[in-house]
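What follows is a single structure, written as structure tokens, with notes after it.
The values are calculated or read from the model by the stated rules, or taken from the named source; none is laboratory data. All values reported here derive from a predicted model rather than from experimental measurement. Here the Cβ is made from the backbone with ideal geometry for all residues, glycine too, and neighbour counts use every protein chain on show.
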Amino acid sequence: MDNTVIYGVNPVIEALCSDINIEAVYVAIGLRSATRREIERVARHRNLRLLKTSKKELDGMAAGGVHQGVVAVCEKSHYISFEELIEIEKKPKTVILVLDEIQDPRNLGALARSALAFGVSGMIIPARRAAGITPGAQKSSAGALAKLPVVRVKNLSTALEKLKKKGFWVTGAVLEGGQAPWEFDPSDKIALVMGSEGTGVRRGIEKILDYRVNIPISEESDSLNVSVAGAVLLYEWLVRTKIS
């Protein structure tokens, strides 16, 4: 099976605390003792020993990413099916985050981090023209992608129509013409669609939306980064409705 890597102290610790099948953990020779001891403590519960190697070797494993002297090699990140996501959802109030062609792995990771923090049940991403669960996305998520259920679909429109049939209200974040998030009363089941960095929600996807929301901002600013906007909306809805 192909392998992938997770790098950085916090992402590796989060991965060790999850159910990801980790094959090995590498640490840089001379890594700060306090950091090494913390990694060792968590790895011990998985019966994993730390393998010492050079910083140059870790640079290559992390493809130039900021690894902080720690890299974990694990089975290739897997996605769950749409049916599995719906089946595991038992909360009285549910939010699923849907990403419409988010292409920057850092934004994907940041959105996953916010989703996990605010109790989102899972995330749906398209299989084409979009970032997937890469080492860079894992790093940006600070380990959230090791815990958050992610579905990868061939057709996002079809997935949204399926969500509607399951009782979800599909709501998209738009730059203008929508309700303010505090004016919108989330239903028990909501799918929040965040559009791509450059063009936002695609026209075909926008036709499927039941509701549109936008975040009022200062006239001095043009727009918010998609990961920031996603965090604002998730906080507003999930904290206000006390989803846990």
Review point. Restricting to the stretch 171-204, what's the tally of residues that are among the hydrophobic types (A, V, I, L, M, F, W, C) and either crowded, with 20+ Cβ neighbours inside 10 Å or not assigned by TED's automatic domain parsing to the domain that holds Glu87 (or both)?
Key: 7
Review point. Pairs under 8 Å by beta carbon, first residue of a type in the set (A, V, I, L, M) in the stretch 54-79, partner crowded, with 16+ Cβ neighbours inside 10 Å and part of a loop (DSSP other than H, G, I, E, B), six or more apart or different chains?
Key: Leu58/His67; Leu58/Gly69; Met61/His67; Val66/Gly8; Val70/Gly8; Val70/Leu31; Val71/Ala62
Check your understanding: Just wondering, is there one or more residues in the stretch 31-43 that are in contact (Cβ under 8 Å) with a residue 60 or more places away in the chain, surrounded by 12 or more Cβ atoms within 10 Å (Cβ to Cβ), out of contact with any Pro (no Cβ under 6 Å at 6 or more places or on another chain) and in the same structural domain as Val71 (by TED's automatic domain parsing)?
Key -> no
**Study point:** Selection status of Ile124, surrounded by 18 or more Cβ atoms within 10 Å (Cβ to Cβ), within 23 Å of Ile6 (Cβ to Cβ) and β-branched (Val, Ile, Thr)
**Key:** yes
Practice item. Could you identify the single residue in Ala159, Ala142, Ala137, Ala131 that is in contact with a Lys or Arg (Cβ under 7 Å, 6 or more places away or on another chain) and crowded, with 18+ Cβ neighbours inside 10 Å? Key: Ala142
Exercise for review: Looking only at the stretch 3-21, count how many residues are modelled with pLDDT under 85 and of a type outside the set (Ser, Thr, Tyr).
Suggested key: 8
Study note, to complete from the structure: Screening Ala15, Ala43, Ala34 for residues that are in contact with a Gly (Cβ under 7 Å, 6 or more places away or on another chain) and in a helix (DSSP H, G or I) leaves only Ala15
Revision key, fill the gap. Going through the stretch 169-205 in order, the residues found to be under 19 Å from Ala131 (Cα atoms), among the charged types (D, E, K, R) and in contact with a Leu (Cβ under 9 Å, 6 or more places away or on another chain) are Arg202
Review point. If you check Lys154 against the conditions, is it among the basic types (Lys, Arg), under 13 Å from Ala191 (Cα atoms) and out of contact with any His (no Cβ under 8 Å at 6 or more places or on another chain)?
Key: no
Check your understanding: Of the residues Leu48, Leu85, which single one is of a type in the set (A, V, I, L, M), more than 19 Å from Gly136 (Cβ to Cβ) and assigned to a loop (DSSP other than H, G, I, E, B)?
Key -> Leu48
Check your understanding: Residue check: is Ser77 modelled with pLDDT under 85 and within 13 Å of the chain's Cα centre (by Cα)?
Key -> yes
Practice item. Would you check which residues across the stretch 200-228 are assigned to a loop (DSSP other than H, G, I, E, B) and in contact (Cβ under 8 Å) with a residue 12 or more places away in the chain and list them? Key: Val201, Arg202, Ile208, Leu209, Asp210, Asn214, Ile215, Pro216, Ser223, Asn225
**Study point:** Residue selected from the stretch 145-187 under the condition among the charged types (D, E, K, R) and touching a strand residue (DSSP E or B) at 6+ places or on another chain (Cβ under 8 Å), by the criterion farthest from Ile96 (Cα to Cα)
**Key:** Lys154
Check your understanding: Which is assigned by TED's automatic domain parsing to the domain that holds Arg152, at pLDDT 85 or above and not hydroxyl-bearing (Ser, Thr, Tyr), of Val71, Val66, Val98?
Key -> Val98
